[in-house]
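Every number in this text was worked out from the coordinates using simple rules, so none of it is lab data. All values reported here derive from a predicted model rather than from experimental measurement. In this analysis, Cβ positions are derived from the backbone assuming ideal geometry, glycine residues included, and neighbour counts consider all displayed protein chains.
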Amino acid sequence: MDDPEDLGGQYNNLKSTRLIDTLFVGNKLGISKFYNYDVFDTIKPNNTVNMPSPNVLEMEWDMEDNLWVVFGDASNDVYSIAKLENDTWTNYFAANNTPINFSQFKGLEIDTLGNVWVADRDGLHTLLTPNITAWLGTEILELDNSFEAYPNPSNGSFTIATREIQNISSIEILDLTGRIAHNQSFQPKVTFNLPSGNNFLQLMEGEGLLGF
């Protein structure tokens with residue numbers, strides 16, 4: 001507590017790193033990093049890039065040892081999530097780009113595949129990472145009614161079709177781990193067999209993602 005590097009204040013969350021004996025302590029001013037009874041560093045808005053808020057409510061480590069943080073406002077109300085990569089905050093998620101009801105936020109966990117799970121009062125939301133950065137059940141791009149995909153759910157055979165020309169170059173089917181189970185060039189109407197289980201249809205425009 002007497003260490004000048006200690007940010008002080010009310011401790012909201014404590015987490016140790018997976019591979020080294022460092023304790024991360026989050027509070028309203030940022031994160032203090034403890035090792036061998038000393039505070040040797042801090043993570044704050046003025047020494048990182050794009051930190052959403054100094055108020056750190058919850059922290060988790062992913063399998064690549066990146067820190068994911070749940071941020072609160074001055075009233076301790078949860079409003080965003082972000083990932084720290086080196087000294088830059090990325091993967092910023094808030095109410096405008098997730099299905100999460102942040103006003104009823106309950107908690108965040110990361111599984112052994114690196115997928116992020118967030119619970120709120122309404123349900124459980126999954127962010128597929130690192131191969132797909134998309135919330136399960138959420139469209140990245142809302143395609144108009146010139147595009148059809150059926151049947152869903154499928155009995156094994158699946159058809160996609162367009163009634164107008166789309167800028168689609170290829171089709172990818174991915175499983176829950178993000179592994180590509182099927183890939184082919186796009187045709188105006190194509191039918192193929194899906195692997196069993198839950199899968200995701202991804203439409204590509206050149207090297208970029210058109211729809212999900």
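Here the spin labels are modelled as points 7 Å beyond Cα on the Cα-Cβ line, and at Gln10 and Lys189 they lie 6.2 nm apart. Sparsely packed loop sites in region 21-104 (the GluC sites (Glu not before Pro) outside DSSP H, G, I, E and B with at most 10 other Cβ atoms within 10 Å) comprise Glu64. With a simple spin-label model that places each label point 7 Å from the Cα along the Cα-to-Cβ direction, the separation between Ala181 and Asp65 comes to 3.4 nm. Within region 7-87, the chymotrypsin sites (Phe, Trp or Tyr not before Pro) that combine a DSSP coil assignment with at most 16 other C-beta atoms in a 10 angstrom radius are Tyr37.
Remark on Asn27: its backbone amide H falls under 5 Å from those of Asn12, Ser32, Val56, a criterion applied only to residues 5 or more positions apart or on other chains, H modelled at 1.01 Å from N. Taking amide hydrogens as placed 1.01 Å from N in the peptide plane, the amide H of Ala181 sits under 5 Å from those of Ile173, Leu174, Asp175, each at least 5 positions away in sequence or on another chain.
For trypsin sites (Lys or Arg not before Pro), the sites in region 1-75 that DSSP calls loop and that have at most 13 other Cβ atoms within 10 Å are Arg18. Karplus-derived 3J(HN,Hα) values for region 26-42, using 6.51 cos²θ - 1.76 cosθ + 1.60 with θ = phi - 60°, are x, 8, 6, 9, x, 10, 9, 10, 9, 8, 6, 6, 10, 8, 9, 6, 9 Hz; glycine and proline are entered as x. Residues whose amide H comes within less than 5 Å of that of Ser170, counting only those at least five positions distant or on another chain, are Phe186, Met204, Gly206 (H built at 1.01 Å from N in the peptide plane).
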